[in-house]
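One structure is given below, encoded as structure tokens.
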Amino acid sequence: MPALVIERFDRTEPGGAETPPQRIHQEDFNQVLGTQGDQKYQRYGGKVSLARVARELTVLGDVDGVRRLARMTVLAAAVGNLDMHAKNLALLHHRDGTVRLAPAYDVVPQAHLPNDGELALSVDRTDRHASVTRSHLVAEIDSWGVREARRIVEEALDTVLATVSTQAPDRHAHPGLSEDILRFTTNLREGRAVGARQP
């Protein structure tokens with residue numbers, strides 16, 4: 001029977017039959033930032049933002065997490081994931097007391113669907129996905145105090161381009177998925193708005 005099997009990141013590695021996997025506590029950023037419900041979207045109350053998420057990670061000393069958040073932000077723009085909201089970003093509280101940004105989850109291309117075309121969390125004060133540029137991504141990430149923001153953006157875009165060139169989507173996926181991601185990422189790489197259409 002066809003199935004989608006995903007390894008859980010909120011469990012420890014099993015140590016054999018005598019040591020089953022243990023839960024790792026996960027706290028989403030709606031909880032971290034003291035917001036609730038639809039406030040996970042920046043447009044509802046303006047209490048959540050990428051900058052606030054980055055600030056919390058910085059306070060926690062998760063420097064690698066801030067850089068991963070940067071790459072996740074580039075990925076969201078490059079694939080058209082409009083729904084990277086505060087409940088789709090989380091912290092993992094490990095048993096040794098360390099707190100780290102959770103891996104990316106619920107990453108779903110949505111730009112081809114009938115929707116308002118707005119990002120859940122704006123990038124450099126830009127809400128519309130189709131209007132985001134590489135400069136917006138660099139400025140947003142730079143505003144978090146991340147060094148070499150431009151290099152991080154360019155490397156992330158290169159990774160997306162390499163992946164979309166070699167990986168085929170599931171046959172049930174949106175028929176134009178690869179073409180969309182290729183266009184979005186190429187536009188960003190060449191300095192155009194993500195949604196630009198070439199003549």
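Scan segment 175-199 and report the pairs whose first residue is within 18 Å of GLU154 (Cβ to Cβ) and touching a residue at least 24 places away in the same chain (Cβ under 8 Å) and whose second residue is among the hydroxyl-bearing types (Ser, Thr, Tyr) and surrounded by 15 or more Cβ atoms within 10 Å (Cβ to Cβ), with Cβ atoms within less than 6 Å and a gap of 6+ or a chain change.
Final answer for the pair search is ALA193/SER131; ALA193/THR133.
Starting from residues that are of a type in the set (D, E, K, R) and within 22 Å of VAL74 (Cα to Cα), keep the ones in segment 32-53 and report whichever is surrounded by the most Cβ atoms within 10 Å (Cβ to Cβ).
Looking at the filtered set, the residue picked out is LYS40.
Is it the case that some residue within segment 5-23 is of a type in the set (Phe, Trp, Tyr), surrounded by 16 or more Cβ atoms within 10 Å (Cβ to Cβ) and in contact (Cβ under 8 Å) with a residue 12 or more places away in the chain?
No.
Would you please list the contacts, defined by Cβ atoms under 8 Å and residues six or more apart or on different chains, that run from a residue in segment 132-145 that is closer than 18 Å to ARG55 by Cβ and without any contact (Cβ under 8 Å) to a residue 12 or more places away in the chain to a residue that is surrounded by fewer than 20 Cβ atoms within 10 Å (Cβ to Cβ) and of a type outside the set (Lys, Arg)?
ASP142/ALA149
I'm trying to understand the selection: among the residues of segment 151-175, which are touching a Lys or Arg at 6+ places or on another chain (Cβ under 9 Å) and loosely packed, with under 15 Cβ neighbours inside 10 Å?
Those that are touching a Lys or Arg at 6+ places or on another chain (Cβ under 9 Å) and loosely packed, with under 15 Cβ neighbours inside 10 Å: GLU155, ASP158.
Restricting to segment 28-66, and then to whatever is in a helix (DSSP H, G or I) and of a type in the set (D, E, K, R), can you tell me which residue is farthest from MET84 (Cα to Cα)?
Per the criteria, the residue is ASP64.
What number of residues within segment 94-113 satisfy the criterion of being of a type in the set (Gly, Ala, Ser), under 23 Å from LEU60 (Cβ atoms) and within 18 Å of the chain's Cα centre (by Cα)?
Going through segment 94-113 one residue at a time, the tally reaches 2.
Taken together, the values in this text are just the output of simple stated rules run on the coordinates, not laboratory data. Since the structure is predicted, the reported quantities are computational estimates derived from the model, not experimental observations. We place every Cβ from the backbone using ideal geometry, glycine too, and count neighbours over all the protein chains shown.
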